[in-house]
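The values are calculated or read from the model by the stated rules, or taken from the named source; none is laboratory data. Keep in mind the model is a prediction, meaning the values are calculated, not measured. Quick reminder, even Gly has a Cβ in these numbers, built from the backbone with ideal geometry, and neighbours come from all protein chains shown.
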Amino acid sequence: MTDTDPLVRFDGVRKSYGDFEAVKGIDLTIGRGEFVAIMGPSGCGKTTTLRMLAGLEAPSAGDITIGGKRMNDVPPHERDTPLVWQSLALFPFLNVKENVEFGLKMRGVSDTEAHGRAMLWLERMGLKGFEKRRVDELSGGQRQRVALARSLVTEPQMLLLDEPLSALDAHLVIRMQGVLTRLQRELGITFVYVTHSQSEAFAMADRVVIMGQGEIAQVGAPRDIFRAPRTRFVAEFVGRNNILPGAGGGEISVAADRMTVSDVAPGGTAIEAAFLSEEFAGTGIICYFEDASGRELKAQVSEAELERLSLEPGAKVWLSWPDEAAHPLEPKSIDE
Amino acid sequence: MKDRTTAHALIWRLPLLIWQGLFFVGPLLLMVAMSFWLVKNYRMTPDFIFDNWERMLTRGYFWDAYRVTLWRATLAAVLASLIAFPASFALAFKLSETARRWALFFLVVPFFTSYLVRVYAWQVLLAESGPINAVLGWVGLGPFTMLNSGVGAMVGYLTLVLPLVVILQTFSLAAIDRNLIEAAWNLGASPRRTLLRVILPSAKVGLIVGAVFAFILAFGDFVSPFYLGGSKPPTLSILIIDTTKSGQQWPRAAVVAVMMIGTLFAVAFAAVGAAYGRRK
């Protein structure tokens, strides 16, 4: 086996609970040192997929291989797949250092070595001096870092994360995203990150897997998914996409930042729409419009442009886009 | 404003304070006082003499009874906790929510019948010619003397405490965050080590409270040692009965009772310390 072989391979993996199929046969490979985000609405099967990778759920059909070895029947404690829980699941009856040492001691590392390695990781995560604290005496961000140290101290080849930032304040989320991407690059290990948040997935991941209703809807680099969503489901889920009728009868998607807003009818393809509202986003202002058929449209404009247009609610404008910004969507939608 | 809030709080607490005063603190003080009273011509007179204390605490039979009671209560607490744990574990982790609710309901049912009635039932079952010895006889064992022995008394204690211990253990086990168990498993702990390193520490309070309840109930129980244990060797509760019957020696019985309450307080405080105490 070489380093270029994928670390993880899902082959037709299914998981059903009675009549309910949570995961409907997925094929996916994850490379070594890759940061993969699995994203989708709640109930799409993303957490079940992650839990199957950790061995906490057994696939109903198909194979999961890690490092070339079939893992279907390997129990969690014999795998090297530490998981960071949404609730963090720190042990409240152990102090910070004992939490970090737990995985080492379970793997038979001596007390002195476990102590040394735990202290190194606590220092690395900026938790020096906190080793004797109880976990409930720490802030949310500190607990997060304890959870990361506890999972990474055993030097795994892969870290699984299940919506670890969803309980944090917005400003902490941005900071932790920085911590996570830096860690992943420094360690060079695989991160599999499950989230429902597009901004988290797109900000950190090398590759995003979009799931819907137990199936993989699209896999690709964040930019490719954003620019060229394959189906209507992906276009809608990713947001800031306009779904419009295409020339050939199908549907196309146009990203909001490729839309031009003008108060006079431009030449070429354009839609007349009424202004609804505006929303300040990090990179510009998203304006919402509604066309004659009631379809909602979005366009990203700069502050100067918004001032020039001086839009009143209900004002009629024209929305147009360059031809190369239009991406045809596959006719079959995932939620059919 | 603040005075009103305090007054308000006091009024709401009043029923509990009155209850505690009338039925706990009052009788306790009376009993402590009574242990210093004098008995003359089968009549008690309030006094302040140390004769009762001296008489009881220097006698071997008191300390024999104390040791028997302490040992039996400890054994009952340990046995009840050990026997209950597998059942509680199954109830907490293997059953569905609905099944668990039904199981807990059936654990409450024994409390519907008097403890005395259940002990009488054991008298029949454990007798030399009873059904248990009959069954053992068919396979060529026995007959065993179970009645009027420590074994009989222990069966009675467990009848009294086992359902309660199972209920307390089940609640504390079912309340454990499942993520903690999965996290231990995920971090390389085998199921056995997960039990020892995560489940037991997480359920510690409930397990200790269950054992303490078993200890307290068995320590003060008089029905089982009397009807199933044959009063020999006497426990402290039986000593109290014997003392009151012989020459109206209520003050000496009060000495025994005060010693029992003191022991229970010490055990309860030690247990609370162990359950909630901070580790170093």
Within the stretch A:250-326, strands (runs of 3 or more DSSP E) holding 1 or more residues that are in contact with a Ser or Thr (Cβ under 9 Å, 6 or more places away or on another chain) and among the hydroxyl-bearing types (Ser, Thr, Tyr) = A:260-262, A:284-291, A:316-320
How many of the residues making up the stretch B:195-221 are away from chain A (no Cβ under 11 Å) and within 16 Å of residue B:77 (Cα to Cα)?
-> 16
Residue among A:143, A:150, A:175, A:185 that is in a helix (DSSP H, G or I), at pLDDT 95 or above and assigned by TED's automatic domain parsing to the domain that holds residue A:48 = A:150
When you scan the stretch A:196-244 for helices (runs of 4 or more DSSP H) that lie fully inside it, which ones turn up with 2 or more residues that are within 9 Å of the chain's Cα centre (by Cα)?
-> A:198-204
Apart from one, (1) within 26 Å of the chain's Cα centre (by Cα); (2) of a type in the set (A, V, I, L, M); (3) farther than 18 Å from residue A:316 by Cα all hold for residue A:247; the odd one out is (1)
Please specify each residue of the stretch B:155-182 satisfying the condition of being over 13 Å from residue B:213 (Cβ atoms), part of a helix (DSSP H, G or I) and within 14 Å of chain A (Cβ to nearest Cβ).
-> B:178, B:179, B:180, B:181, B:182
What number goes with the only condition from (1) surrounded by 20 or more Cβ atoms within 10 Å (Cβ to Cβ); (2) within 10 Å of chain A (Cβ to nearest Cβ); (3) under 29 Å from residue B:98 (Cβ atoms) that residue B:187 does not pass?
-> (3)
Looking only at the stretch A:95-113, which residues are at the interface with another protein chain (Cβ under 8 Å from one of its Cβ atoms) and assigned to a loop (DSSP other than H, G, I, E, B)?
-> A:107
Considering B:89, B:48, B:36, B:111, which residue is over 17 Å from residue B:249 (Cα atoms), among the hydrophobic types (A, V, I, L, M, F, W, C) and modelled with pLDDT of 90 or more?
-> B:89
Hits in the stretch B:215-235 (condition: part of a helix (DSSP H, G or I) and surrounded by 23 or more Cβ atoms within 10 Å (Cβ to Cβ)) = B:215, B:218, B:224, B:225
